[in-house]
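Okay, structure first, notes after.
The values are calculated or read from the model by the stated rules, or taken from the named source; none is laboratory data. Remember, predicted model here, so these are calculated numbers, not experimental data. Here the Cβ positions follow ideal geometry from the backbone for every residue, glycine too, while neighbour counts run over all protein chains shown. Calculation scope for accessible area: heavy atoms of the full protein, side chains included, ligands and nucleic acids excluded. Shrake-Rupley method; radii C 1.70, N 1.55, O 1.52, S 1.80 Å.
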Amino acid sequence: MLREGDFNTFGGVRELWDFLRRTNLRSANGANLATYPAWSPQKELDYVLLSPELALTGFEVPKVNFSDHLPLLAEIERR
C-alpha cells in the first residue's frame, strides 16, 4: 500500500546527519530555526536540502499561521 505524508523528523537535524553526509546535501536552514508548532515554534521539523550545485541566496521562516508548521522560503540559484 502506498502512503503519502510529510515525513517529519522528530529528532531535528541530528536525524538527518548521516543522510546529509552520504548524499553531500546541506540544509538551507543553517541557523536551525524552529518551524513547529507554528504558534510557538520549538522544533525544527521541516527542511529544504541543497546539492553542491545550488547556492542559497536567501532564506526565511515567515511567522504566519496557515498550518501547524511554519513555511520555509528559500531563494536558490545554480552555481
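Structure summary
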| quantity | calculated |
| --- | --- |
| Hits in segment 50-68 - residues which are assigned to a strand (DSSP E or B) and not charged (D, E, K, R) | 50, 54, 55, 56, 57, 58, 59 |
| Counted residues, segment 69-79 - those being under 15 Å from the mean Cα position of the chain (by Cα) and in a loop (DSSP other than H, G, I, E, B) | 4 |
| Close pairs (8 angstrom Cβ cut-off, 6 or more residues apart or separate chains): within 24 Å of residue 51 (Cβ to Cβ) in segment 62-76, polar (S, T, N, Q) and not in a loop (DSSP other than H, G, I, E, B) anywhere | 75/57; 76/57 |
| Top-ranked residue of segment 29-79 - restricted to ones that are closer than 24 Å to residue 11 by Cβ and β-branched (Val, Ile, Thr), ranked as surrounded by the most Cβ atoms within 10 Å (Cβ to Cβ) | 35 |
| Any pair with Cβ under 7 angstrom, 6 or more apart, that starts in segment 19-35 at a residue that is over 10 Å from residue 56 (Cβ atoms) and without any contact (Cβ under 8 Å) to a residue 24 or more places away in the chain and ends at one that is open to solvent by 20 Å² or more (accessible area, probe 1.4 Å) and hydrophobic (A, V, I, L, M, F, W, C) | 32/13 |
